[in-house]
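The values are calculated or read from the model by the stated rules, or taken from the named source; none is laboratory data. What you are looking at is a predicted structure, and each value in this text was computed from that prediction instead of being measured. Cβ placement follows ideal geometry from the backbone for every residue including glycine, while neighbour counts extend to all protein chains displayed.
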Amino acid sequence: MIEVRNLVKEFDGTMVLNNIDATFQKGVVNIIIGKSGSGKTVMLKCLVGLTPPTSGEILYDGSNLTTMRSGEVRRLRRDIGMLFQGAALFDSRTVLENVMFPLEMFSRKNRRERRKRAEFCLERVDLLHAANLLPSEISGGMKKRAAIARAIVLNPKYLFCDEPNSGLDPKTSQVIDELISDVTTDFNITTIVVSHDMNSVINIGDNVIFLNEGIKEWEGSKSQVMEADNEKLNDFVFASDLFRKIKEAEEIISEEEKG
Amino acid sequence: MSIISSLESIGQYALLLKRVLTLPDRFNQFMKEFLKGVYALGVNSIWIVIIISFFIGAVIVLQIALNIDSPMLPRFTVGVVSREIILLEFSSTIMCLILSGKVGSNIASEIGSMRITEQVDALEIMGVNSANFLILPKIAAFVAFMPVLVIFSMFMGLFGGYIICMVLGTPSVETYVYGIQAFFTESFVWYSILKSMLFGFIIASVSAFFGYTARGGALEVGEASTRSVVINSILILATDLVFTQLAMG
């Protein structure tokens, strides 16, 4: 479980995150949504320690990240897997070598066991057939799957995903969403996804946090998102024509049922 | 304002070096990266060292032969002077200025590209000391291979002079060979090698700094690469001045 208390982040006097409180439970997919520039990526970077917060606490199962020494942070990070927006695979290594890399750095397994574990993770994301290809030789969706395999290879306790569906077609996005959801429940990890894709929210958002201009505006489950009476959230959710029509259809059905 | 930002950069460079100069997490991974660095930065630079040293060596001998034309000076002076120029300054300083363009831009653009595509962040998130993992093997590889490049350069520079003497006949090949052996001081070779290793450290670490701190996109990586070459050139020349005064003054 990850808890965030009074998280504040300022850049040159500009408040990007304003007193955020949140709890991210284990075994469920937590999604942070918001418009571009709402502070969600900054929040993710604060959560993993890539950007130090101005003030506040970030507790990983009770341990405060903001007061840890660099050695402790590095040890904690071995329990973290992260899927970057652009996948961030190492260009000069094959898909298999990318997945094996964390094992080579931190595992005591021998080479055969490392390879076996990496192949298991690649099979889990249905990418074993591309094990010997370079990142430049595979598609965007395959890169994301390879990055998920790399993120879970050390059995992390926490998984972070930054815009996992950016640049992907709807079908591939769905595959990635389902994979993130399956991995979260199978490995019982705390997963935090940053996204502005409402399809992801409806597909896998067990716990949804809506950020607007650095402020936590709303929190609830995916089933509550469509029913919420928060004006800013509704502006965001129903900016999509599809979701507006779904909402209208739901209202018509509800009226007909009443009638 | 620019003085403050320069001082900030020096501070950031010192802090980066503090992270770089630590023991590697995994020695076998360090050796892998070290050997890659030896090949990419050192072995791949041999051809440019050979070509440039040969022609510059030939031009040095040609210029000296044409300009030292006095009955007061014996002809073998051409060989002596050419040797001292090649050994003391050309093979270390000028060659490193050239290599700062090739190797420096290579390091800055490689690490800069990794930075903007979040590969450096990915290493950090895994708990890897990214500065140590990416930069230390490059510095170690380039510094370790520098003596090889310098010796190649010395040999090819003197060989270029030999060929020009053979073609033009003035001075004769025998006089030139006598000249390059006369009054030879072995310590000049060691001085040159030591100096080039220092320059190797500057080239690799400064270029890595500019790549590592690059932000933005491809344009910024290009700018970082250019800036690294400019700063490296200035630092090499300034260090040469200080080092020469300390070692030979």
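With respect to B:F199, determine if the residue is farther than 30 Å from B:G112 by Cβ, part of a helix (DSSP H, G or I) and at pLDDT 95 or above. Before the answer, list the steps.
Values: farther than 30 Å from B:G112 by Cβ: no; part of a helix (DSSP H, G or I): yes; at pLDDT 95 or above: yes.
It is false that B:F199 is farther than 30 Å from B:G112 by Cβ, part of a helix (DSSP H, G or I) and at pLDDT 95 or above.
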Scan (1) surrounded by fewer than 15 Cβ atoms within 10 Å (Cβ to Cβ); (2) touching a helix residue (DSSP H, G or I) at 6+ places or on another chain (Cβ under 6 Å); (3) modelled with pLDDT of 95 or more for the single condition B:F54 breaks and write down its number.
(1)
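Would segment A:27-39 turn up any residue that is among the charged types (D, E, K, R) and at pLDDT 90 or above? Spell out how you get there, then give the answer.
Pass one, segment A:27-39, residues among the charged types (D, E, K, R): A:35.
From what's left, at pLDDT 90 or above: none.
The answer is no; no qualifying residue exists.
In segment B:79-119, what residues are hydroxyl-bearing (S, T, Y) and within 15 Å of the chain's Cα centre (by Cα)?
First, pick out the residues of segment B:79-119 that are hydroxyl-bearing (S, T, Y): B:82, B:91-93, B:100, B:105, B:109, B:113, B:117.
Scanning segment B:79-119 gives B:S91, B:S92, B:T93, B:S100, B:S105.
State all residues of segment B:26-49 that are surrounded by 16 or more Cβ atoms within 10 Å (Cβ to Cβ) and either within 12 Å of chain A (Cβ to nearest Cβ) or touching a residue at least 60 places away in the same chain (Cβ under 8 Å) (or both); if no residue qualifies, say none. So that I can check it myself, show each step before the final result.
To start, the set of residues in segment B:26-49 that are surrounded by 16 or more Cβ atoms within 10 Å (Cβ to Cβ) comprises B:29-30, B:33-34, B:37-38, B:40-42, B:45, B:48-49.
B:Q29, B:F30, B:E33, B:F34, B:G37, B:V38, B:A40, B:L41, B:G42, B:S45, B:V49, listed by residue number.
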Yes or no: A:N155 under 27 Å from B:P24 (Cβ atoms), out of contact with any Gly (no Cβ under 8 Å at 6 or more places or on another chain) and of a type outside the set (A, V, I, L, M)?
yes
Assuming A:N132 fulfils every condition listed in (1) under 28 Å from A:D12 (Cα atoms); (2) away from every other protein chain (no Cβ under 14 Å); (3) in a loop (DSSP other than H, G, I, E, B) apart from one, which condition is it?
(1)
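Going by the structure shown, is A:G86 out of contact with any Ser or Thr (no Cβ under 8 Å at 6 or more places or on another chain) and closer than 18 Å to B:D121 by Cα? So that I can check it myself, show each step before the final result.
Working: out of contact with any Ser or Thr (no Cβ under 8 Å at 6 or more places or on another chain): no; closer than 18 Å to B:D121 by Cα: yes.
When the stated conditions are applied, A:G86 does not pass them.
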Of the residues in segment A:49-59 that are touching a strand residue (DSSP E or B) at 6+ places or on another chain (Cβ under 6 Å) and within 17 Å of A:T190 (Cα to Cα), the one that is surrounded by the most Cβ atoms within 10 Å (Cβ to Cβ) is A:I58
Where A:L17 falls short, out of the listed (1) within 17 Å of B:D121 (Cα to Cα); (2) in contact with a strand residue (DSSP E or B) (Cβ under 6 Å, 6 or more places away or on another chain); (3) not aromatic (F, W, Y):
(1)
What helices (runs of 4 or more DSSP H) lie completely within segment B:88-183 and have 3 or more residues being farther than 30 Å from A:L103 by Cβ?
B:95-99, B:130-168, B:173-181
Pairing a residue in segment B:138-155 that is within 15 Å of B:I94 (Cα to Cα) with any residue that is among the aromatic types (F, W, Y), where Cβ atoms lie under 9 Å and the two sit 6 or more apart in sequence or on different chains, gives B:M146/B:F199; B:M146/B:F201; B:S153/B:F90; B:M154/B:F90
Check on B:M95, crowded, with 23+ Cβ neighbours inside 10 Å and either away from chain A (no Cβ under 14 Å) or over 25 Å from B:R227 (Cβ atoms) (or both):
yes
Could you list, in sequence order, the residues of segment A:85-127 that are facing chain B (nearest Cβ under 10 Å), surrounded by 22 or more Cβ atoms within 10 Å (Cβ to Cβ) and of a type outside the set (G, A, S)?
A:L89, A:N98, A:F101, A:P102
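With segment A:162-259 as the region, which helices (runs of 4 or more DSSP H) entirely inside it contain at least 2 residues that are of a type in the set (A, V, I, L, M, F, W, C)?
Numbers: elements: A:170-187, A:198-204, A:222-225, A:231-237, A:241-258.
Filter on segment A:162-259 gives A:170-187, A:198-204, A:231-237, A:241-258.
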Within segment B:106-162, restricting attention to residues that are more than 9 Å from chain A (Cβ to nearest Cβ) and hydroxyl-bearing (S, T, Y), which residue is farthest from B:I202 (Cα to Cα)?
B:Y162
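Return yes when A:E137 is more than 11 Å from chain B (Cβ to nearest Cβ), modelled with pLDDT of 90 or more and surrounded by fewer than 16 Cβ atoms within 10 Å (Cβ to Cβ) and no when it is not. I'd like the intermediate steps shown before the answer.
On the way: more than 11 Å from chain B (Cβ to nearest Cβ): yes; modelled with pLDDT of 90 or more: yes; surrounded by fewer than 16 Cβ atoms within 10 Å (Cβ to Cβ): yes.
In short, yes.
Please verify whether A:P156 is part of a loop (DSSP other than H, G, I, E, B), within 14 Å of chain B (Cβ to nearest Cβ) and in contact with a Leu (Cβ under 7 Å, 6 or more places away or on another chain), treating the condition exactly as stated.
Values: part of a loop (DSSP other than H, G, I, E, B): yes; within 14 Å of chain B (Cβ to nearest Cβ): yes; in contact with a Leu (Cβ under 7 Å, 6 or more places away or on another chain): no.
Here the answer is no, as A:P156 does not meet what is asked.
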If a residue must be buried (at least 17 other Cβ atoms within 10 Å of the Cβ) and within 17 Å of B:T77 (Cα to Cα), how many such residues does segment B:128-159 contain?
2
What is the one condition in (1) loosely packed, with under 15 Cβ neighbours inside 10 Å; (2) at pLDDT below 90; (3) not hydroxyl-bearing (S, T, Y) that A:V73 does not satisfy?
(1)
